[in-house]
1. Run the numbers on chain B and let me know its relative contact order in percent, using alpha-carbon pairs under 8 Å that are six or more apart.
2. Pick out, from B:Ile126, B:Pro271, B:Met113, the residue whose Cα sits farthest towards the positive end of the charge dipole of chain B, with +1 on the Cβ of Lys and Arg and -1 on the Cβ of Asp and Glu.
3. With chain A rotated onto chain B, spot the residue of A whose Cβ lies nearest the axis and note the distance in whole Å.
4. Cα to Cα, under 19 Å, and not fewer than 8 places away if on the same chain: which aspartates and glutamates meet these conditions relative to A:Lys409?
5. Quick one: net charge of A:Pro94's neighbours, Cβ under 10 Å, K/R +1, D/E -1?
6. Run the numbers on the range A:367-504 and let me know its relative contact order in percent, using alpha-carbon pairs under 8 Å that are six or more apart.
7. Relative to the other copies, what are the label-point distances for A:Lys235, with labels 7 Å from Cα along the C-beta vector, expressed in nm at one decimal and sorted shortest first?
8. Would you list, by chain and number, the aspartates and glutamates whose Cα falls below 17 Å from the Cα of B:Lys235, excluding same-chain residues fewer than 8 positions away?
There are 2 protein chains.
Amino acid sequence: MGSIGSLTAQKLTSQFPQNTLEPEEFRRQGHLMIDFLADYYRKVENYPVRSQVSPGYLREILPESAPYNPESLETILQDVQTKIIPGITHWQSPNFFAYFPSSGSTAGFLGEMLSTGFNVVGFNWISSPAATELENVVTDWLGKMLQLPKSFLFSGGGGGVLQGTTCEAMLSTLVAARDKSLRQHGIESIGRLVVYCSDQTHCALQKAAKIAGINPKNIRSIRTSKSSTFQLCPKLLDSAISSDIQNGLIPLYLCVTIGTTSSTAVDPLAPLSQVGKKYELWVHVDAAYAGSACICPEFRHFLDGVENVNSFSLNAHKWFLTTLDCCCLWVTDPSALIKALSTNPEYLKNSATESNKVVDYKDWQIMLSRRFRALKLWFVLRSYGLGQLREFIRGHVEMAKYFEELVTKDQRFEVVVPRHFSMVCFRISLSTVISNGKKSEDVNEINRKLLESVNGSGQVFVSHALLGGVYVIRFAIGATLTYYRHINAAWKVVQDHAGVVLER
Amino acid sequence: MGSIGSLTAQKLTSQFPQNTLEPEEFRRQGHLMIDFLADYYRKVENYPVRSQVSPGYLREILPESAPYNPESLETILQDVQTKIIPGITHWQSPNFFAYFPSSGSTAGFLGEMLSTGFNVVGFNWISSPAATELENVVTDWLGKMLQLPKSFLFSGGGGGVLQGTTCEAMLSTLVAARDKSLRQHGIESIGRLVVYCSDQTHCALQKAAKIAGINPKNIRSIRTSKSSTFQLCPKLLDSAISSDIQNGLIPLYLCVTIGTTSSTAVDPLAPLSQVGKKYELWVHVDAAYAGSACICPEFRHFLDGVENVNSFSLNAHKWFLTTLDCCCLWVTDPSALIKALSTNPEYLKNSATESNKVVDYKDWQIMLSRRFRALKLWFVLRSYGLGQLREFIRGHVEMAKYFEELVTKDQRFEVVVPRHFSMVCFRISLSTVISNGKKSEDVNEINRKLLESVNGSGQVFVSHALLGGVYVIRFAIGATLTYYRHINAAWKVVQDHAGVVLER
């Protein structure tokens, strides 16, 4: 062993001067980063909430190639401060009211840190049993908090999985439904499968359907209107399906939305699920944003009818204090997912899988490799508990009511659709536009200018939607650091900019 | 404003006693977690590397429901120590030699922390310009380190994107290729599209093809053999394609692997890419594990021919110090991806997108929402630099050579296939089995027992593959904390268990 012995003596490590995971250096740098982030949260409300940089700003100030020699954390953090932060749109700013929130929390952050620290690749049970089993436990916990029927829980023959985003949840369930149907109708019938949704359904569904090979002509986006507050109408759905059947097509999948992106409209789940049952559709409920609210008894009625659907998803990374990404998906029939998504290569075979006593989550989702997402949800559920999580949701809903009052008291504005949760859709009203000597057809353009003007100030970030042709400003409350003073200040900004826009 | 004023005064925050992102509490708890993880890395080699728990262990020791009241971080961390860690298979342990590594590093961890802290949802440019632009920059940086042709860089009309896993990269490119072909041949021709790979290609390809609606009968898994070291043969490929064309099918997509999962075989890219060109296939190169090695000049020749392919991916979360997940995908024609994967709902419209001066990465991948993954890769590239990253790779390759020597010196064992990178495939040889009075047909079973015995000890974790019917033990070096002493100890464990297994 001569040569080998001397090799061992010389090269104790494979690595350059210091191991890149040396614990004491990890500790030192980790503490630096925690302080950097704590300071960031302290300062975040002072930054322009929507980044004010121009396209290409970063390439101009960064080198053309990676360095050959190492750089210190201190140098890199200085660049984060001076070069990256100006290009960040600050989702954690209390002045962020755009899109839907990504409400961070200390518990969610810590759970993610721990998951990153373990850095396990939990594709199947044996690759880290705790990653799978904790996911079984927390999806059951959250399912119970939402009062999902037992059929969605592991204890009731169904089960939950933590995926990346709603897009993945839709694609997984759609492929499960598709393959179930193709087993019945033959593989060549893929061109006849039809997917149903409303014109308010999130675009992720169209994307998922296209990825799954559904003919784009067979995506029925059923029209909604202001008179029915942009809900999907069960009668229209029923007649669309029966007309498709008459035309030789095969109804496959229905997506029902609880809290649409444009206006937080709530599709009537109970009657829609009955239509789904009648035609044996796979019914998926997308409650990406509003699902979180359903842990409060006063919102739970929106889920009535969920006992008749096949799958249900919500994004804990939106309004549930769990950092991106964490889409919670529950299904009543895991075997449908598994049949469509399983792989069983020799190099992953193991006795636990063969015992049939374990869940291998790689077969419940699009991706094979997967992060240990259950930790962050577990941290959130335990650190805050059901009681405080309800108060968190209710606090934002109260804030939204308060904002709605503010809008209503200023007669230049109107609230365009009923508010259900923590988002208010408003605009400068048509009568205000006319009384300010503008043309009525300019009302959308004037509101668009108001939005641009507000966002351009960097003081507030809001986004927009078109509802039945009406341009509305969406004011979505949910950033964790938002206090009432931010709502007041935001409204003052909107009022001031409206004054300027109307005077132009 | 009376009632509103008093409301404001009373309820400064929406939240229960303390805001869940209050900076000083974040700081306190963050420091606790850093210390917890630094201590974990200090102790990790003492834990059984493959978890020794039984199915269902966790449900038995956790409550049936989430708590109503908050619990402290200290309580939760105690449970992590006593209930979660026993169920972890420790991928960061220096004794982990299974699958392919997930090599963590302080820099990768810190980049992930920062991304989690910002918690931006970077679906398009405006949602956080820095997230998009840094991704443009670092994928160009890494592309240059790999000497990818300019056509894969943003500066050359192509570009890179950081996705979750190889499965997503394969699915994205496959859907791009599929839609390109369907535009030419008509949507109803989906059933005639054919995907080519070898029997060594990662199962992610089969999965991606099924998800994309490719007829499972049209996935050509071309046979490889030991005599050609499990490489995909260009001649066999060519004749499979021409026979498909004769049968009225449409050749679509070829996956070439640089470093297969079972044995790190390297498909001959140059001649295969010529076959791809001849038949106008979309050629994708999957270099999930071995791609990282190609930043070293001595390994770069494995990529010769890449100038003729459409897309190339590697997982920085495998052997490149970047925590899960971070699959780097480069394409020469981003518009093909965008045509297949773009969505353009009103609520995401913005002037930056309309200016056509920015990248909206939601149109380059399956998911819409996306994490700020570029930060961690940027941290890794800068913290270590090209020079040390090469040394990191070479260190593991040297270790694997050393391990190979150890195996070769013990005449009971044999190395089954040539070693290219940092993995050695070995087994107890047939002659050893026979000379120990066993039947020759038991050779696979004996090696399987050896693997079970070694893994059951908790001292080492290795995995296996079947290569042309031969059961081999895969010894994959790449855990960041692995030193030569761990290789020596691991080999001693294998030797001892082999002795016992052979004596039984």
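1. Relative contact order comes out at 21 percent.
2. Towards the positive end, the residue furthest out is B:Pro271.
3. A:Gly213, 1
4. Those aspartates and glutamates meeting the cut-off are A:Glu398, A:Asp496.
5. That works out to 0.
6. It rounds to 21 percent for the range A:367-504.
7. The answer, with the shortest distance listed first, is 7.1 nm.
8. Correct list for B:Lys235: B:Asp199, B:Asp244, B:Asp267, B:Glu280.
Read-outs: derived from the displayed coordinates by stated rules, not from any lab. These numbers were taken from a predicted model, which means no experiment stands behind them. Don't worry about glycine lacking a Cβ; one is built from the backbone with ideal geometry, like all the others, and counts go over all protein chains shown.
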